[in-house]
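Single-structure report; data block below.
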Amino acid sequence: MRAEYMREQKRSHGRKVLAVLPIQYPKELLTAMNVLSMELWGPPGAPRGPGASRLQAYVCSVARNAVAFVQAGGAAEVDAFLYPHACDSIQGLATLIPDLGGEDKPALHYLNPKGGYRPSSRRFVAGELRRLAADLAELTGEPLSADRLSWALDLHREIDRLRARLLDGRARLDMTDSDLYAVLRRGEWLWPEDHLAELKLAASRLAPMGEVVQRGVGLLLSGIVPEPMSIFDELSSMGAYVAADDYAAVGRRVVRKQLLASEDPMDTLAWLMFAYPPCPTRSTSLGQRMDYLDRLATRSSAEGVIIHTVKFCEPELFDVAGIKERFGARGLPVLFLESELEAELSGQTITRLEAFVELLTQRRKS
Amino acid sequence: MSGVAIGVDAGSTTWKAVILDDQGQVLASRVAPAEPLVDQQTRVELARLRERTSTSSDVPVGATGYGRKRVGAQRAITEITCHARGAFHITGAGGVLVDVGGQDSKIIHMGPDGSVLDFAMNDKCAAGTGRFLEVLLGRLQVAWEDVPALVASARSAVSVSSTCTVFAESEVISLVAEGEPVEGILKGVHQSLASRVAGLAGLLPPGGAVYMSGGVALGRAMVDALAAALGRPVTVLAEPQLVGALGAALSVR
Amino acid sequence: MITRRLQYELVKRLAAPLLVQLQGASKRLKGRQGPRPGSPFGPPLKSVALLKDLMTRHYLEGRYADGAVPVAWVTSGFPVEILRALGFFSIYPENHAALCGVQRLTPELSDAAERVGHSRSLCSYARTDMGAVLLEKTPVGRLPRPDLLACCTNICQTVLYWYRCLADHFKVPLVLIDTPFVYGESQEHHQQYVRDQLEELLSVAERIGGRRHSSEELVRVARLSHEGTLLWGECLAESTNRPAPWTGFDGFFHIAPIVTLRGSEECNAYYRHLLDELRHRVRHGVGGIKEERYRLMWDNLPIWYNVRDMSTLLAENRFNIVVTTYTNAWAEAGKRMDPTDPVGSAARSYTHIILNEDLDRRLELMTRLAREYHVDGALLHSDRSCKPYSIGQVDLKDRLAREAQVRALLLEADHNDPRAYSTEQGNTRLQAFMESFA
Ligand code: SF4
Ligand code: SF4
């Protein structure tokens, strides 16, 4: 489906397609330059094929699966790759993947500054954006126009507003988690305007303020990417739902902050790159991240927290002790679950989830 | 007197069941090696238990364990909740329950009313489970019954640093080859497993009892090693293998 | 404060050297005993005693440092010259963790970190040190409490995740030097970014250190640092000789001063001494191992808890590690340093670190080292704990064979945690690899 969609986009709209690795990148710039992004999260399932063993088994499955997928020809039709600097693993892939047999597609980079806002990093982001725009111009043969960028910024603001409404109004939304996440995650490869249309449709299912549709046990889920997606059906069957989202692939990419209006759209975009919710791959302080998670939990009245992270993902794992401590002190139970992007949840994982929901249900009663 | 509730714990290595009377006492119980067709095994075993205790076939069944959803029970509840219930039924107190089973290990923190406050389970590999012991006992060619005496006779433990079962296996082989005494290695093996389980336990709340259940709790050597690793006395629950089934029965009582 | 300062000065000036001399004297005597008969190694390096003195003294000073002088905990690749010029005492958690690793303390310390919720898949340096902090347990007696955490991402991003936890624990500021990963050549706005951050660092460090920096002092420290890395490079380069006068494993231990005391007189004095000894050995044909038949390159961190066993196994089979990408990293950095421009050249040299450059650059470097050091093969330690070093090793192994005719073995282990390494399996693979050369 993705491949067909991609071909259609190229054919009918003359768009270039960029395979994009996780996590944060200036998508507005791509949209403005008529470039479609196809994000590579996994895909789930054990890595197969000739590329499966090019990374050691103790490297995270997001990186391993990406290599296997690309080497097996999964990205044959894209025009180039973009490597945002998420972590040591992704940065390594940026030279590993281009080296795959016969691969001569351009490898573009976008380096996210680490450690939160500083004057130095603000200046750096501006430089990175300029360079990426130049690289994209080379790819598309068209320079960036300020008007198109303003348009793209507005479009993505609109998308973020809707995504925020869906996520923050989750208790009022008459949709299952798996349907909601299917919509949200299609944004990883749909042209933004198509994505927007689907979001609008979903938002029409929001009940008026004050009405509550979801009565199950509300959970805060935090991690890299919700895979396998069957986790949502399992949770529903147990009587729970996702009340708040802190997945790097989803909630952590929804900008809720009001942006300073600026004459120059490049300037606005640079500010935007600092407006994302805290993500350990960007390494704002631990305290800031905890406060943010705390607010998410409070606002959504989550009754429990599931840290659903990818095995061997150091950026996520270093924060786990802190999250446990913070929510432990507040009396909010925390379940720690490591995933390897399996195609299906293991029986043991289901048992853990179920026991956790049982625990929360029991607390509700007493 | 006949039973009023039945609990089945369909684990991956053993199948367990209890029948409770209306006082909550165990009328009859059964522990058997798990068979691949757990539904069939349950039918056959339960029919026998019912007959033994003249319990009618409409007495409700609660199930737990790996095969909980496949035995046609009225309620299926996870091992975590069931173990906590079973343990609370026995002790009437909260605390930390350590259950080391064949394939799974779990640590359950219970409130004073027996409710589950928090829990942890082992990773999917065999480190930290009964399987680790089983494999290494096999390597050392030591029978399960001989373990306590051998460990007690060890002058000191020979350190086994690997907690991974596969690595530990080759480590143990070479320790034997280097002429280290089997008792000492055996003690080391227990310490290694205990340290892994203790790691899973995380920070224990100050005070509060530590209980142990599961098949591995039947071995004194393991209980001692765990107590040492946790720095706390460890009380083994009566009939440690049946705690999960007991909890399952309580859930339908 | 005043008394603390006096105490510190006292230790630094009087007690430390005295103690060190005493200890040194006894160790030097031991050092004269020569190798055990039947040992596959050459005579032990005499400098080792001095090295121990130096490091003992460093950690002894550390015990009394907090409250007396500003203290920073610093990553190994941090441009420490700026802090040193402002009078900071610095502790290197990575070096400290390695000390613990050699003594096999990691399992116990890591357990403590795991108990509070840290995963066993975190870098074992981080687990070791976080455990040491939690248990307040260290083989060096006591670690001074930091006033500042200083982290540079040129070796990995991991240190940043780790230092964030430390910052949260100690409630002290964390300064970051974020060095953009280099694909091909470092770009001008990347260099600008690092320079900007160094300026930001200066003002934070001035505030915490309570004094203004002086340019002369900065230049003086940068000069020392530059000289130190060059000296270290010369020491390593002595191993281009046949036989190599020491082993790569010796190098792992002798790296301590260039990491922890970079930019100080003692550091350079030490390496001058070492260099003399190495040259002396070269002149007299004395090798690190008795019979050097094959020469190997090592990639990635050492397996600290297993260095002795592994080097013995290698030496017994007449294999010597003559060069390691790890120890070489500090020598490489010196090439881009320019003491007359301490900030600008720091931005350059600290960005171009092997772990901060793409795989092509790494292959180039390894190929060059293989040639310069005349190696017959390579051991690539596939270190579970160190993702940046590990990624790409499978490809590097193939390409080394194909493009540089260097046969390599990928050896999976962990640099600090013995629980993740099977000595038996490791030795078997190593043995088989060595047999393939016969
Ligand atoms: S899962 Fe974690 S380690 Fe893996 S690519 Fe994503 S951020 Fe990096
Ligand atoms: S061992 Fe690797 S991951 Fe760990 S601190 Fe050093 S460079 Fe970073």
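Derivation of every value follows stated rules applied to the coordinates shown; laboratory data play no part. Since the model is a prediction, treat every value here as computed from it, not as a measurement. When we count neighbours, we look across all protein chains shown, and the Cβ atoms used for this are built from the backbone with ideal geometry, even at glycine.
Taking the Kirkwood radius as Rh and the Cα radius of gyration as Rg, chain A has a ratio of Rg/Rh equal to 0.95. With the charge dipole of chain A set up from +1 on Lys and Arg Cβ and -1 on Asp and Glu Cβ about the Cα centre, the Cα lying farthest toward the positive end among the listed residues A:PRO119, A:SER339, A:ALA107 is that of A:PRO119.
Charging the Cβ of each Asp and Glu at -1 and of each Lys and Arg at +1, and nothing else, the dipole of segment C:310-393 about its Cα centre rounds to 80 debye.
Which percent, nearest 5, of DSSP beta bridges in segment A:2-145 are antiparallel?
Of the beta bridges lying entirely in segment A:2-145, close to 0 percent run antiparallel.
The antiparallel fraction among DSSP beta bridges confined to chain B stands at about 65%.
For segment A:2-145, the relative contact order works out to 24 percent when only alpha carbon pairs closer than 8 Å and six or more residues apart are counted. In order along segment A:43-60, the Karplus-derived 3J(HN,Hα) couplings, from 6.51 cos²θ - 1.76 cosθ + 1.60 at θ = phi - 60°, round to x, x, x, 5, x, 10, x, x, x, 5, 10, 7, 10, 4, 5, 8, 8, 4 Hz, and Gly and Pro are given as x. Around the amide H of A:GLY223, modelled in the peptide plane, lie the amide H atoms of A:ASP246, A:TYR247, A:ALA248, A:HIS308, all under 5 Å away and 5 or more residues distant in sequence or on another chain. Pairs from the list C:LYS46/C:LYS290; A:LYS27/A:LYS105; A:LYS16/A:LYS105 with a Cα-Cα gap above 18 Å: A:LYS27/A:LYS105. Normalised by 2.2 N^0.38 Å, with N the number of residues, the alpha-carbon radius of gyration of segment A:2-145 equals 1.07. Cβ crowding within 10 Å ranks C:SER382, C:SER239, A:SER204, A:SER237 as A:SER204, A:SER237, C:SER382, C:SER239, fewest other Cβ atoms first. The distance separating the Cα centre of segment B:55-126 from that of segment C:323-398 comes to 53 Å. Along its principal axes, the protein assembly as shown has C-alpha extents of 95, 81, 65 angstrom, given from the largest down. Spatial offset of segment B:189-217 relative to segment C:155-204 amounts to 41 Å, using the alpha carbon center of each. Put the Cα centre of segment A:1-57 next to the Cα centre of segment C:76-115 and the gap is 40 Å. Between C:SER215 and A:ASP154, the C-beta separation translates, for a Förster distance of 51 Å, into a calculated FRET efficiency of about 0.55. By how many degrees, between 0 and 90 and to the nearest 10, does the Cα long axis of helix B:130-140 differ from the longest principal axis of chain B? Relative to chain B, helix B:130-140 is tipped by roughly 40 degrees.
Counting only DSSP beta bridges whose two residues both lie in the protein assembly as shown, roughly 25 percent are antiparallel.
If the limit is 32 Å between Cα atoms, which of B:LYS106/B:LYS187; A:LYS324/C:LYS52; B:LYS106/C:LYS137; A:LYS324/C:LYS397; B:LYS16/B:LYS187; C:LYS52/C:LYS397 go over it? Flagged as over cut-off: A:LYS324/C:LYS52; A:LYS324/C:LYS397; C:LYS52/C:LYS397. Summarising the label geometry, the points placed 7 Å from Cα in the beta-carbon direction at C:GLU364 and B:GLN103 lie 5.2 nm from one another.
Explain nothing, just the number: dipole magnitude of the protein assembly as shown about its Cα centre with +1 on each Lys and Arg Cβ and -1 on each Asp and Glu Cβ, in debye rounded to the nearest 20.
1860
Taking chain C as a Gaussian network of alpha-carbon nodes connected by springs under 10 Å, the highest mean-square fluctuation of the residues C:CYS100, C:CYS267, C:CYS165 belongs to C:CYS165. In this structure the amide hydrogen of A:TYR110, modeled in the peptide plane, comes within under 5 Å of the amide hydrogens of A:TYR83, A:HIS85, none closer than 5 places in sequence on its chain. Cα extents for segment C:275-354 along the principal axes, largest to smallest and rounded to whole angstrom: 47, 31, 19.
Farthest toward the positive end of the dipole of chain B, out of B:VAL98, B:LEU226, B:LEU137, is the Cα of B:VAL98, where the dipole comes from beta carbon charges about the Cα centre.
Between rounded, prolate and oblate, where does segment C:242-296 land on the alpha carbon gyration tensor, with a ≥ b ≥ c its root eigenvalues, rounded for a/c under 1.5, else prolate if a/b exceeds b/c? Note, shape of segment C:242-296 comes out oblate.
Does segment A:307-357 come out rounded, prolate or oblate, given a ≥ b ≥ c as the square roots of the eigenvalues of its C-alpha gyration tensor, rounded meaning a/c under 1.5 and, failing that, prolate meaning a/b above b/c? Cα axes put segment A:307-357 in the oblate bin. Under 5 Å between amide hydrogens, built in the peptide plane, is the criterion, and for B:THR14 it picks out B:ALA34 among residues at least 5 positions away or on other chains.
Checking the a/c ratio against 1.5 first, then a/b against b/c, what shape does the Cα gyration tensor give for segment C:51-92? Here segment C:51-92 falls in the oblate category. Eigen-decomposition of the gyration tensor built on the alpha-carbon atoms of chain C gives equivalent ellipsoid semi-axes of 33, 25, 23 angstrom, largest listed first.
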